[in-house]
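Taking it in order: structure first as structure tokens, then the write-up.
No value in this document is a laboratory result; all are computed from the given coordinates. None of the values given here were measured: they were computed from a predicted structure. Cβ sites come from the backbone with ideal geometry, for glycine too, and all protein chains shown count toward neighbours.
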Amino acid sequence: MIAVGSDHGGYALKQVVMKHLDSRGEKYFDFGTYSEASCDYPDFGRAVAEAVARGEYQYGIIICGTGIGISITANKVHGIRAALCGDCFSAEATRLHNDANILALGARVVGEGLALKIVDTFLDTPFSNDERHIRRISKIEP
Ligand code: RB5
């Protein structure tokens, strides 16, 4: 199960991403926002991050205009490793090396085609389970 969320800046791309998740047969829940009316990205980044941190969802996908504000918010939640990705190399590496559990996208930064490739790369790449990466991840949170 995947938790998705966005602010107004990410709303349109989120609709595209959810349609893509449907085509992959993925189950997901949309934590909002539900329109393009102006709203505050922390409300949605935190809702997704807390749901993932509680273990209710394997991954989260969060989207705002840049992906920056919403990823900063998500990374304040204990146990969350949210990665803002604008390319497939980063999406693959953050799963392999950081075991990232949330993908953040900037709707005003990446086009739809690239965003969907990034989503696929993130979801289809397992954590490496390498000892050095486990050790480094364990050092992230105090
Ligand atoms: C909203 O205008 C914009 O600030 C927001 O989507 C995001 O880019 C913040 O980091």
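What is the set of long-range amide H partners of Ile61 at a cut-off below 5 Å, with H atoms built 1.01 Å from backbone N?
Ala3, Val4, Gly5, Leu103
From the helices alone, meaning DSSP H stretches of at least four residues, give me the mean residue ellipticity at 222 nm for the chain, per-run term -39500 (n - 2.57), in deg cm²/dmol to the nearest 500. Present the calculation step by step, with values, prior to reporting the outcome.
Numbers: 6 runs with 69 residues, N = 142.
It comes out at -15000 deg cm²/dmol, rounded to the nearest 500.
Sequence neighbours fewer than 8 away in the same chain don't count; with that in mind, list the lysines whose C-alpha is under 26 Å from Lys14.
Correct list for Lys14: Lys27, Lys76, Lys117.
Return one number: the angle in degrees, 0 to 90 and rounded to the nearest 10, between the long axis of the Cα atoms of helix 112-124 and the longest principal axis of the Cα atoms of the chain.
That works out to roughly 30 degrees.
Give the peptides 80-93, 31-44 in descending order of average Cβ contacts within 10 Å, highest first.
Numbers: 80-93: 19.2, 31-44: 16.2.
Output ranking for 80-93, 31-44: 80-93, 31-44.
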